[in-house]
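Just below is one structure, and these are the notes that go with it.
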Amino acid sequence: MPEDRQPLKLLFLSTPVGPLGSGLGGGVELTLINLCQELQSRGHHLAVVAPTGSTLGKIPVIEIAGEWQPTAHTQGRETPITMPGNAVLANMCEYARRVQSDYALIINFAYDWLPFYLTPFFQGTPLAHFVSMGSLSEAMDVIIGQVAEQFPRRIGVYTHTQAATFPFPQHCRVLGSAVDLSLYDYCDEPGPWTVWMGRISPEKGLEDAVAAAQLSGIPLKILGKLEDAAYWQTILDTYPEAPIEYLGFLPTQALQAIVRQCRALIMTPRWVEAFGNVAIEALACGVPIISYARGGPTEIIQAGKTGWLVQPDSIEGLVSALSQLDKLDRRACRQQAETEYSLAALGDRFEQWFSELLSISA
Ligand code: UDP
């Protein structure tokens, strides 16, 4: 931390769709742990408010009971906001309200209506928001837009393409993501496999990666949270001959031990991927990426060097890119992760954002 910067007391509100460590929160879980570790190592004092059962390494978690929120990507664009009776999100916000004067800033990581709505109600301590997905709901667009208009700089996002899905991209502060490079080992000589990883849920388009594995004959390892079992069964029924292997949801250490041995990571988003933490985890292992040119991966992949961007929804495009993996440079992948996605770079961006938030509210 620069000498003129004071350590800050920061309160983070986690995703209320499930406990941290369960994988239900998707990439925002990894972003949170990485950010917390980096800020803590810089001397800041952090507490994370999260549903009961959450774990976050050595970071203190204040566990809050209550029912989880439905995930935003399973709701339609027009669906009204849903709150369970004893909502963990409401309980988390109530906790933050009570302790707010102990903190310099509160940062919300929940992609949910309530904390945005409550922004003006937090008068003692500024409440800012890290938005982890693109536009998915009319009601969310309205409430995030109101905060963006009324409170300059309070909206952080992962990427420019994510920001562009909202009606207020000019108000979004792009903060990116990072990997803890010390946890991912470089591998120069992969095995024959490719890998797909993420939540097994329709917006991730896994069926196209499976189809490409069947067409190309290149075996595919699949890692990730089985979020939608019926969807997964349909994939198995549709492609019974595909050379695939599902290894379950793995913690980071076990995940990277598999990923680094693979020839490429395949990403097949049907939605505008807000970032795609899996992309930078692969790069950290020296693994290039083949992705549909949609959302975050278009800002991450250096086409022809650290991956290939494929026309969205084109299985032929995936197969053709698979035949050109030899042109990519595994060393350059690791190097890109080191230069662009270090924890230090993430910590600098967030510290800069925090100091702007504090100087505006002073
Ligand atoms: N992941 C994991 N274990 C697995 C597969 C995936 O921990 O077996 C994590 C991965 O590290 C990444 C997250 O799942 O952090 C997926 O995040 P991403 O940003 O790619 O997509 P999101 O789920 O946010 O849409």
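Nothing in this text is a laboratory measurement; each read-out follows from the coordinates by a stated rule. Everything numeric in this text was worked out from a predicted model, so none of it was measured. So basically every Cβ, Gly included, is an ideal-geometry build from the backbone, and we count neighbours across all protein chains shown.
At-a-glance table
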quantity	calculated
Along each principal axis, Cα extent of segment 95-242, largest first, Å	59, 37, 31
Paired Rg and Dmax values of segment 181-268, which use every Cα atom, in angstrom	12.8, 39
Of L11, L226, L247, the one that fluctuates the most in a GNM where the chain has Cα springs shorter than 10 Å	L247
Segment 51-181 shape via C-alpha gyration tensor axes, a/c threshold 1.5	rounded
Protection-proxy order for peptides 27-35, 85-93, each taking the mean of Cβ atoms within 10 Å per residue, highest first	27-35, 85-93
Stretch gain in nm, segment A65-E78, where the contour uses 0.36 nm per residue and the Cα spacing is subtracted	1.8 nm
Relative contact order of the chain, pairs being alpha-carbon contacts under 8 Å that are 6 or more residues apart, as %	15
Segment 23-131, relative contact order in percent, only Cα pairs under 8 angstrom and at least six apart counted	17
Exposure proxy order (Cβ contacts within 10 Å, fewest to most) of S342, S291	S342, S291
Förster radius 45 Å - calculated FRET efficiency between D141 and A345, Cβ distance, rounded to 0.05	0.95
Three-way shape label, segment 280-356, alpha-carbon gyration tensor, a/c 1.5	oblate
MRE, 222 nm, helices only [DSSP H, n ≥ 4, -39500 (n - 2.57), over the chain, to nearest 500]	-10500 deg cm²/dmol
Residues whose placed amide H lies under 5 Å from that of M267, excluding near-sequence neighbours	I290, S291, Y292
Value of relative contact order over segment 229-362, rounded to a whole percent, pairs C-alpha under 8 Å and six or more apart	20
Distant-in-sequence amide H partners of G295 (H built 1.01 Å from N, under 5 Å)	E273
Radius, Kirkwood style, for segment 20-98 when every pair of distinct Cα atoms is counted (Å)	14.0
Tail fraction, Cα-Cα pairs, segment 233-287, threshold 15 Å, whole percent	61
Cα-based radius of gyration of segment 11-52 once divided by 2.2 N^0.38 Å, which approximates compact folds	1.14
The chain: most fluctuating residue of P269, P288, P190 per GNM, C-alpha cutoff 10 Å	P190
Ranked packing of 209-219, 249-259, most packed first, by mean Cβ within 10 Å	209-219, 249-259
Exposure proxy ranking, count of Cβ atoms within 10 Å, fewest first, for S101, S14	S101, S14
Gain in span if fully extended, T55 to L247, counting 0.36 nm per residue against the direct Cα distance	66.9 nm
C-alpha center-to-center spacing [segment 231-289, segment 303-362] in angstrom	16
Order of L114, L127 under a 10 Å beta carbon neighbour criterion, fewest first	L114, L127
Across K225/K327; K204/K327; K221/K327; K9/K225; K225/K305, pairs whose alpha-carbon gap is larger than 28 Å	K225/K327; K9/K225; K225/K305
Within a Gaussian network of the chain (alpha carbon springs, distance under 10 Å), most fluctuating of T165, T52, T234	T234
Radius, Kirkwood style, for the chain when every pair of distinct Cα atoms is counted (Å)	20.9
Overall dimensions of segment 234-362 by Cα: Rg and Dmax, Å	17.2, 62
